[in-house]
Each structure stands twice: as structure tokens, then as C-alpha cells.
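Report on the following structure.
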Amino acid sequence: MALVSAGFTLPGYLAEALTVSPAVTQGPFYPLAKNIPLDKDNDLVQLNDSLILPAGIITQVSGRVLDLSGNPVRNALVELWHADQEGDYLYSANATRNPACDPNFAGFGQFLTASDGRFRFRTIKAGLYQGRTRHYHWGVTIPGRTTRTTTQTFWNETAIGTNGSVWSTQNSNDNVYSTISNAAQRASVLLDFTAVPGTTTGEVQATWDYVTDLTPAEPTYPDGGSLLVSGTPVAGPSGANPRFRIRVPAHAGYSYEIYGNPSLADLAWSALPFSLTAAGAIDRQIQTAGAEGTLDLYVEQKALKGFYHVSFRVPGANTGTP
Ligand SMILES: [Fe+2]
């Protein structure tokens, strides 16, 4: 009865069934730090407080980050960036953002997976640009790693340009898709989109799991425990909204970023739209501590569960630039 070897346990079978997501070039348009929008949450359609939607078909992608054995990976940073409907990226070497990019399109978003490994994005269908078929760019940073792994996903359909004609570059002759040599890996990044039930606006969705062959290793915070911090209500500057102060024990060189919880039912962490400086100016979310001590971060948004999740990255870790 005890003859079954360890090699035939369930995780072993799963390991053979899962296909590692292919490592694919990051490409030249990963946004520079100055390009990344202050609102970099997982909703690329809603930019800051704008009520105007970007042009394009609203598209949702949800899935999980999994290790080779099929275990969910929590605290994985998932980044998504892609072209607007006209094929223009947010990226600009010369400006804060590419002036040609749809001003209502965030162009970049991020999500931190919860214990079930899940992520979710709402965005638009990527536009086509010269030399490429239609694609999304993804970056995934596995806990314990200082760099992101990049890949791209594609549409399982004929690419049609905005003028209605068949685009010159299809998956079959795309110099990224067609050069993923492993057939199972190629198939794993080819997504089928279906209509979102109950919507009449042509909204579509797909699910996609990112499978890593890296072993997640969550760094232990020097103070131990997790950084779940309740915010202290404080008055804002004259004429401004009140805000919440989030005080964390800080260590030199560590970077901190605030996440709120979007709902009680969903334990995944969504990046808050932006953080504020003590003086009340809108600031980037990531703050790197210059010294040991405490670091105060401020946000306007009340924590829905009564506390904020402060994500930390070890000194030298990827903080949003290549
Ligand atoms: Fe691209």
C-alpha cells in the first residue's frame, strides 16, 4: 500500500500539466518613472477622476499567478501596459506622457496578488501599431526577486485595423509571438475573449494564468509581521479634503507603497490611486525611506476594511523602472 513514490503525488502531476509562461521581451515602451500615471491601479479605463472613457472596447483580464506546482503566489506584483486604440503608448522619453496617447487612458496599471494569487484588470483592447500584431505587455515580479519577468499576451483572432482591413502583421508573422519556440507556451499566451454577460456595450473578458518557474520567497520585514496599518484621520491643508496618515516603521532603502482593499468579498489588494505628501501635494505611491525611523504616508481614500496594506520592497528591488 505504501509503494506509491513521491514522484506520483498530485503536485508532481500538476507540475507536468502546467506550462511555464514564456519569458518575452519587455519591449521599448515600458513607461519611464516620469510617465507612470499617478493613478496606476488595475482600472486603466478610469483615469483619476475623469468621467470620460478612453476610445476602444472595454476589456477585462483576470487570472492567477501560479507556481509550477499550481500553488497560488501571493504578493506578486502584476503590471500591465499596452497601446491605446490608435496604437500609441503612454511612454515618452521627452514628456511626462506621450501627447499622442489617449488622454483618458491610463496606459499602465498594477495589482498585488492576494493569497489566492488572483489579479484582475479592466482596460481596453490594445490598438495596432506598425510591425506588431495586437498584444498586451505584462510584467510579473515574484516575491523575493528584484526584477520583473516580462511576457506578452495575444488575441486568438485575425487582427483587423481601425480602417477595417486585415492588418499586415498577424500572430503568425509577428516577430515576438512567432518566435516563442515552444508550442504549448505559444498557446498559453493566445487568449480567447468572450462577451461579458449582462453588458450591452461590447465589453469582453478573458482569463489567463501566469505560471512562474521561480520559487517565491517572501522577504521577512525586519520588524516581523505584515504591514497592515490603520490610518489616522488628519486635517488636510486649507481647502483640501481630509486625509489619512499611515505611519510605518521604516528602514533605510526600503520602498513602501499603499494598497487599499476594494471590497470585503475580494481580498486582493488594489493600488490606491495615489498618495499624498505631508503637505498635501499629490505624490507617487512609492516612497523610499532615506533613514531608519518612521515614514508617514498620506492618502485621501478611507480604508474600506479599516486598515491599509503597506507593501514593502527590499533595498534594490524593482520599484517600477526597468
Ligand atoms: Fe508593444
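Taken together, the values in this text are just the output of simple stated rules run on the coordinates, not laboratory data. It should be emphasised that the depicted structure is a prediction, and the values quoted were computed from it without experimental measurement. Glycine gets a Cβ as well: all are built from the backbone with ideal geometry, and neighbour counts include every protein chain shown.
At a Förster radius of 45 Å, what calculated FRET efficiency corresponds to the Cβ-Cβ distance of ALA206 and SER230, to the nearest 0.05?
My answer for the efficiency is 0.75.
By how many nm would the segment from GLU157 to ALA17 grow when fully extended, if each residue of separation counts as 0.36 nm and the alpha-carbon distance is taken off?
47.9 nm
How far apart, in nanometres, would the label points at GLU86 and ARG245 be if each is projected 7 angstrom from Cα along the Cα-to-Cβ direction?
4.6
For a protection proxy built on the mean count of beta-carbon atoms within 10 angstrom, sort 132-138, 51-57, 143-149 highest first, please.
Ranked by mean Cβ neighbours within 10 Å, highest first: 132-138, 143-149, 51-57.
Going highest first, how would you order 159-166, 96-103 by mean Cβ packing within 10 Å? Mind dumping the intermediate values first?
On the way: 159-166: 10.8, 96-103: 16.6.
Descending packing order for the listed peptides: 96-103, 159-166.
Hey, with R₀ at 30 Å, roughly what FRET efficiency would ALA252 and THR215 work out to, going by the Cβ-Cβ distance, to 0.05?
After rounding, the FRET efficiency stands at 0.60.
So what is the relative contact order for segment 6-212, in percent, with contacts set as C-alpha pairs under 8 Å and at least six apart?
On the way: 455 pairs, mean separation 58.1, N = 207.
Relative contact order comes out at 28 percent.
Given a Förster radius of 56 Å and the C-beta distance between THR194 and ASP296 as r, what FRET efficiency does 1/(1 + (r/R0)^6) yield to the nearest 0.05?
0.80
Tell me the trypsin sites (Lys or Arg not before Pro) within segment 22-68 that lie in a loop according to DSSP and have at most 15 other beta-carbon atoms within 10 Å.
Those satisfying the criteria are LYS34.
If a paramagnetic tag sat 7 Å from the Cα of ALA100 along the Cα-Cβ line, which residues of segment 23-46 would have the backbone N under 18 Å from that point?
Answer for this model: 27-32, 35.
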